[in-house]
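The values are calculated or read from the model by the stated rules, or taken from the named source; none is laboratory data. Note that the coordinates shown come from a computational prediction; the quantities given were computed from them, not determined experimentally. Glycine gets a Cβ as well: all are built from the backbone with ideal geometry, and neighbour counts include every protein chain shown. Only protein heavy atoms, including side chains, enter the accessible area calculation; ligands, DNA and RNA are left aside. Shrake-Rupley method; radii C 1.70, N 1.55, O 1.52, S 1.80 Å.
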Amino acid sequence: MKILVIGSGGRESAICWQFAKNANVKKIYCAPGNDGIAKIAEIVNISTCDFENLVDFVKVNKIDFTFVGSELPLSLGIVDYFNSCGLKIIGPSKNASKLESSKIYSKQFMSKYGIPTAKYNSFSDLNNALNYIDTLDDNRKIVIKADGLAAGKGVHVCSCKKEAKDIVHKIMFEKILGSAGTNILVEEYIDGEELSYLVFTDGISYSLMPASQDHKRVSDGDKGLNTGGMGAYAPASLDTEQLNKQVQNIVKKVIYGVCQEKLEYKGILYVGIIVNGGLPYVLEFNCRFGDPEAQAVLPLLETNLSDICIAILNQKLLNLQIKWKNKFSVCVVLVSGGYPESFKTGFEITGLENISGRDTIIFYAGVKSVNGRLVTSSGRVLGITSISETIKDAINKVYSNINLVYFDNMHFRKDIAWRALNEKS
């Protein structure tokens, strides 16, 4: 079996790693990948959105199926393009991808199919948005969301009306997010604890993965700027049997809506929820694996990911029993100092050779090889994941291994999975 993975970050590193565990997978390619992923996959120097050359590569190399890791090519219709060429691909169609690429469409979908979410209003006019904010209670937080894809920078939780109006002005007038901010949502703030539920689906049936919890703030104690994720752990301690049933009901409604709207969806659904008063509310949908959630969840998967993909492509997911390790997983992301704002790159990464053992895995994100040395090339550099029988042991193991790694200006949170420890104590 030959597989092409599309993307270049830690998420794609985890996907390639999981595919590589199957002895029946003869060859893994990754486009465009990175020099760390090159340890297990052949790197293909084609952009994620160069559909024509990707299709040519798949045909020439007789790829069995393609797995799309990142959101942009999905939103631009890579699945539709591949399908029109008669090629097998894991991911939702362009229309289905609007569940992620348009927050307004996503909210309308939730309202239509009775999926619990925060109250909202959408705006395409700056003055209308500002006037609406004036009518809100100044004692409550306000959430502002850009409608389009904004690389994790499109959601702002504002403490007061003034802050909310400033953000709206920056998004809609100053265009800090470009066309992604042409339309916005003004949403009520729901307080609570966030969880990420990843779901395999073939468009008619589904299978939930263990719930995970991301840590988006850059500094310990959930302080500082929002990032793409500083670490995650799974299964999340808040995922009780009762909550899981409620989330199952939400996912059933999503898949029902997908069928009713005739959306082609063969891939991964990400349901971001917040729990308030014991009840789950949907914050957002993503149409692919989360990052870093993938690096926490995939190491717990026992069933071959390639077998799951084949079941999805054939719409036989219901017939496949997916097995998971009865263990805990903790992923910590190592970033360049200054991330998510300005940062320097080009620093040599040392000590990775000291990490050993089957229960700790290195996932590569912002790295490149220079004269045989691995150096930093982006804000998010590495994800290091450890699994163990208990959450405490997994935490201790991952941080012990992180202490073996070094690059200049290396930054990481030292409290990933702190909620799980607090709830255990």
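Just a few scattered comments:
- Among (i) 4, 13, 11, 8, 11, 13, 10, 5, 5, 7, 6, 3, 1, 1, 1, 1, 0, 0; (ii) 5, 22, 32, 28, 12, 2, 0; (iii) 5, 22, 30, 24, 14, 5, 1, the entry derived from the coordinates for P(r) over Cα pairs in 10 Å bins from 0, in percent: (ii)
- Sequence-distant residues sharing a close amide H with Phe65 (under 5 Å, placed H): Lys2, Leu4
- Rg and Dmax of the range 1-78, based on Cα coordinates, read 11.3, 33 Å.
- Alpha carbon centroid spacing (whole Å) that separates the range 207-221 from the range 16-71: 27
- The aspartates and glutamates whose alpha-carbon is closer than 17 Å to the alpha-carbon of Lys368, local same-chain residues fewer than 8 away aside, are Glu12, Asp35, Glu42, Glu348, Glu353, Asp408.
- Computed over the chain, relative contact order equals 16 percent, with contacts defined as Cα pairs under 8 Å that lie 6+ residues apart.
- Per residue accessible area in Å² of the chain, where ligands, DNA and RNA are left out and the probe is 1.4 Å: 43
- Span-like helix check, the chain: qualifying full DSSP H segments, with Cα axial length of 24 Å or more and mean Kyte-Doolittle of -0.5 or more, are 241-260.
- Our note on the geometry: Cα centres of the range 350-403 and the range 80-134, 35 Å apart.
- Once exposed loop GluC sites (Glu not before Pro) are cut out (DSSP; at most 15 other Cβ, 10 Å), longest piece of the chain: 1-173
- Think of the range 139-259 as having a plus end and a minus end, set by charges on the Cβ of Lys, Arg, Asp and Glu; of Asn244, Val258, Gly154, Gly154 sits farthest toward the positive end of this dipole.
- Were the residues from Lys175 through Ser400 laid out at 0.36 nm apart, the gain over their Cα-Cα distance would be 76.7 nm.
- Difference of contour (0.36 nm per residue) and Cα-Cα distance, Ser205 to Ala23: 62.8 nm
- Potential lengthening between Cys85 and Val370 on full extension [0.36 nm per residue; Cα-Cα distance subtracted]: 98.8 nm
- DSSP-assigned coil residues among trypsin sites (Lys or Arg not before Pro) in the range 334-425, each with at most 13 further Cβ atoms within 10 Å: Lys344, Arg358, Lys414
- Estimated FRET transfer efficiency (Lys392, Leu318; beta-carbon r; R0 25 Å; 0.05): 0.10
- Within the accessible surface of the range 76-217, defined with a 1.4 Å probe on protein heavy atoms only, the carbon and sulfur portion equals 47 percent.
- Of the cross-linked pairs Lys107/Lys145; Lys2/Lys88; Lys103/Lys170; Lys39/Lys216, those separated by over 22 Å at the C-alpha level are Lys39/Lys216.
- Secondary-structure-derived ellipticity at 222 nm for the chain, considering helices only, amounts to -8500 deg cm²/dmol, per-run term -39500 (n - 2.57) for DSSP H runs with n ≥ 4.
- Nearest-20 debye value, the chain charge dipole, Cβ charges on Lys, Arg, Asp, Glu: 580
- Counting only protein heavy atoms and a probe of 1.4 Å, the accessible surface of the range 1-51 is 43% carbon and sulfur.
- Once both labels are positioned 7 Å from their Cα atoms along Cα-to-Cβ, the gap between Asp35 and Asp166 label points is 4.1 nm.
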